[in-house]
Amino acid sequence: MKRLRALSSLALMAAALLANGQCMRVHYDDGWTEQIDVSRVDSITIYKNEQHLAPTIMLHNGLRMPAFGIGTYSLHDTTCFNSVYTALKNGYRLIDTAYMYGNEEEVGRAVRQAVADGICRREDVTVITKIYPGSQYANPGQAIQERIDKLNIDYVDIMLLHHPGDNDVKAYKAMEKQVEAGKIHSLGVSCFYIDELTRFLPQVSIKPVLVQNEIHPYYQDAEVVDFIHRQGIVVQAWYPLGGRGYQKELLADPVLKRIAEAHGKSVVQVILRWHYQRRVVAIPGSSNPAHIAENIDIFDFVLTDGEMADIAALNRNEKHDWY
Ligand SMILES: NC(=O)c1ccc[n+]([C@@H]2O[C@H](COP(=O)([O-])OP(=O)(O)OC[C@H]3O[C@@H](n4cnc5c(N)ncnc54)[C@H](OP(=O)(O)O)[C@@H]3O)[C@@H](O)[C@H]2O)c1
């Protein structure tokens, strides 16, 4: 019961017993929702249902989004299709792509195939794509329509500006029009930090539902995460595992290894669980089916406050990309 009481102090807003009497859906006042297995009152764990789905977050516009997903940067053709399809089979319901990744067609095809095969319903999947600065921000109407057409999944769940840049407000306003037309459900931005958000937010009508930024144990950006959360906006982590080419050191980190051993989990699972417990939505990229299954298997253990503090102490402000 101790943990249940701890949850109350975390601004627990409402809890309702679900039909089977064992699971409780907990809503926090910042929109975070999770399911908890109350049959194990001595060590309450996050409920993992048969489909292995991640808990969902209520966005400020009332729509829901899974609290965990897969990224598709650098995945193409069959590799991309297989990764997304495998992820959906493993219970993922959140997929991140972008114009810049050149793989929206494959992502859309994998979603359509999974729906046709009865793996998921379209309405349960959240697909994120992005438009890019330069000619796309200068002529946003065409760029937005191309994203919708390439994905070919009826509507885009969330469209982001990939970076701040010339004409970003104009491009965002063009995306707002497509929200009004029902072709996009929600909007967001990427690589926006405190200065960029402070300039940008007062100029737009539809508040972004999420900001996607670089975040990993060596670049935690706590001040920015806190700033975004205080706007009622979800934070999503790109490079949640440090990014390609940076993993050797991170995955061998002795602190993370010690915590992983204590829970019988992998270092990657500890990192992804740390993101989740910080209320940061991780979207690790992978084309390895075993990794895809491993990465979503993080909802059956809880890092202690001490372990969260130990991981917080690993921060080095070490950014692994320039933007
Ligand atoms: N908005 C932006 O500007 C921006 C920038 C960069 C990225 N992103 C998004 O963020 C996503 C994540 O970033 P990322 O994919 O570049 O980097 P990442 O998720 O930090 O790392 C991906 C790497 O981790 C490996 N990996 C995944 N699961 C693993 C596991 N269980 N054990 C060991 N290795 C594992 C992958 O290899 P395997 O394939 O072998 O599993 C891959 O090499 C991207 O895919 C993209 O959607 C957005």
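What follows is calculated from the coordinates using simple rules that are stated; it is not laboratory data. Since we're looking at a predicted model, the values are computed, not measured. Positions of Cβ are backbone-derived with ideal geometry, glycine not excepted, and every protein chain shown enters the neighbour counts.
What to note about this one:
- Local electrostatic count at ILE184 - Lys and Arg +1, Asp and Glu -1, tallied over other residues with Cβ under 10 Å: 0
- Distance between the modelled labels on GLN142 and LEU251, one decimal in nanometres: 4.2 nm (7 Å Cα→Cβ projection).
- For the range 265-307, the average shadow cast by the Cα convex hull is 3.0 nm², which is a quarter of the hull's surface.
- Proximal charge balance of LEU241 [Cβ under 12 Å; K/R count +1, D/E count -1]: -2
- Descending semi-axes in whole angstrom, ellipsoid equivalent of the range 215-268, from the Cα gyration tensor: 25, 14, 9
- The alpha carbons of the range 62-312 stretch over 51, 44, 33 Å along the principal axes, in descending order.
- Full extension of the chain between LEU201 and GLU105 gives 31.5 nm of extra length, using 0.36 nm per residue less the Cα-Cα distance.
- Local electrostatic count, ALA114, Cβ distance below 11 Å [Lys/Arg +1, Asp/Glu -1]: +4
- Value of D in µm² per second that Stokes-Einstein yields for the range 197-323, Kirkwood Rh from Cα pairs, at 25 °C (0.890 mPa s): 160 µm²/s
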